[in-house]
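Novice: Please see the structure below; I have some questions.
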Amino acid sequence: MRIDIISVMPELLDSPFAHSIMKRAQEKGLLTVNVHNLRDYGLGRHKQLDDYQYGGGAGMVMMCEPLANCILDLQKEVTYDEIIFLTPDGKRLNQSMSNRLSMYKNLLFICGHYKGIDERIREEFVTMEISIGDFVLSGGELAAAVVVDSIGRLLPGVLGDETSALFDSFQDDLLAPPVYTRPETYRGRTVPPILLSGHTRKIEEWRMEQAEKRTMERRPDLLED
Ligand code: ADE
């Protein structure tokens, strides 16, 4: 999969893809992440990217031309399956959205800053708008990192154990069950005996029960859907 990200703060995205699973995905050639500095498309001597909003009010708006020129340049090379704008008023990210996105070949992410981007860019180019939750970040970069991470780990061959993403929380609309490792007793708390029994089918049943219980207690909304 190829992912392009347009950002005014590309440095913010140096670290999220340089470690652990995202790093491995790229080393294995399963994922390419290209971060493009929007400043390269800024207007005039000052490489201007934003301007006052029509109608007045506080906060600058990212202008059409730099974004459009950057997108059009990229589209000379790539046909995108989705052009995604990260924004708090987008559709809320969930696992099924990440699953769907992980099946595409080329994705473009646009990170907003300031008061947002000119609405006409959304109308003209953006095909999907994603929010990572009901709170406002200072820019779209951290949101893009979250979305790309959630997609990248789903690409076939990325995770060491091919099946392990299948058992993540949310994959079956359930939260994951509790997990334990050594020691068997910690501060007087012992590992549930069933997990030491070696009885695979019973362990699976226990995990399913625990997942349901946890979901019921913490996220009953998932069961309603
Ligand atoms: N940009 C600012 N806040 C955001 C959010 N919650 N989700 C996605 N993009 C954002």
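The values are calculated or read from the model by the stated rules, or taken from the named source; none is laboratory data. Quick caveat: nothing in here was measured; it's all calculated off a predicted structure. Cβ: placed from backbone, ideal geometry, glycine included. Neighbour counts: every protein chain shown.
Novice: Going by the conditions given, is L30 of a type outside the set (V, I, T) and not in a helix (DSSP H, G or I)?
Specialist: yes
Novice: Could you please let me know if L108 is touching a Phe, Trp or Tyr at 6+ places or on another chain (Cβ under 6 Å) and either assigned to a loop (DSSP other than H, G, I, E, B) or not assigned by TED's automatic domain parsing to the domain that holds E204 (or both)?
Specialist: Considered against the rule, which asks whether it is touching a Phe, Trp or Tyr at 6+ places or on another chain (Cβ under 6 Å) and either assigned to a loop (DSSP other than H, G, I, E, B) or not assigned by TED's automatic domain parsing to the domain that holds E204 (or both), L108 comes out as yes.
Novice: Give the stretch 74-93 a look and list any residue that's in contact (Cβ under 8 Å) with a residue 12 or more places away in the chain and surrounded by fewer than 15 Cβ atoms within 10 Å (Cβ to Cβ), or say none.
Specialist: Step one: list which residues in the stretch 74-93 are in contact (Cβ under 8 Å) with a residue 12 or more places away in the chain, which gives 74, 78-93.
Of everything in the stretch 74-93, those that are in contact (Cβ under 8 Å) with a residue 12 or more places away in the chain and surrounded by fewer than 15 Cβ atoms within 10 Å (Cβ to Cβ) turn out to be V78, T79, D89, K91, R92.
Novice: Next up: Looking only at the stretch 28-46, which residues are without any contact (Cβ under 8 Å) to a residue 24 or more places away in the chain and either under 12 Å from C70 (Cα atoms) or not basic (K, R) (or both)?
Specialist: Passing the criteria: G29, L43, G44, H46.
Novice: Failed condition for T200, given (1) more than 16 Å from the ligand (Cβ to nearest atom); (2) closer than 30 Å to Q75 by Cβ, with all others met?
Specialist: Looking at each condition in turn, T200 falls short on (2).
Novice: Just checking, which of G152, G139, G112 is in contact (Cβ under 8 Å) with a residue 40 or more places away in the chain, surrounded by 14 or more Cβ atoms within 10 Å (Cβ to Cβ), within 30 Å of I5 (Cα to Cα) and more than 16 Å from the ligand (Cβ to nearest atom)?
Specialist: Working: G139 fails: more than 16 Å from the ligand (Cβ to nearest atom); G112 fails: more than 16 Å from the ligand (Cβ to nearest atom).
Just a single option satisfies the conditions, and that option is G152.
Novice: Keeping to the stretch 159-214, report how many residues are of a type in the set (A, V, I, L, M, F, W, C) and either in a loop (DSSP other than H, G, I, E, B) or in contact (Cβ under 8 Å) with a residue 40 or more places away in the chain (or both).
Specialist: Of the stretch 159-214, the ones of a type in the set (A, V, I, L, M, F, W, C) are 159, 165-167, 170, 174-176, 179, 191, 194-196, 203, 206, 208, 211.
Those still in the list that are either in a loop (DSSP other than H, G, I, E, B) or in contact (Cβ under 8 Å) with a residue 40 or more places away in the chain (or both) too: 159, 170, 174-176, 179, 191.
Counting residues in the stretch 159-214 that are of a type in the set (A, V, I, L, M, F, W, C) and either in a loop (DSSP other than H, G, I, E, B) or in contact (Cβ under 8 Å) with a residue 40 or more places away in the chain (or both) gives 7.
Novice: When both residues are 6+ apart or on different chains and their Cβ atoms are under 9 Å apart, which pairs have a first residue that lies in the stretch 121-133 and is part of a strand (DSSP E or B), and a second that is among the aromatic types (F, W, Y) and within 16 Å of the ligand (Cβ to nearest atom)?
Specialist: Every condition considered, the pairs that remain are M128/F85; E129/F85; I130/F85; I130/F109.
Novice: Any idea which of I121, I130 is within 16 Å of the ligand (Cβ to nearest atom) and farther than 17 Å from R92 by Cα? Give the steps one after another, and end with the answer.
Specialist: On the way: I130 fails: farther than 17 Å from R92 by Cα.
After applying the criteria, what remains is I121.
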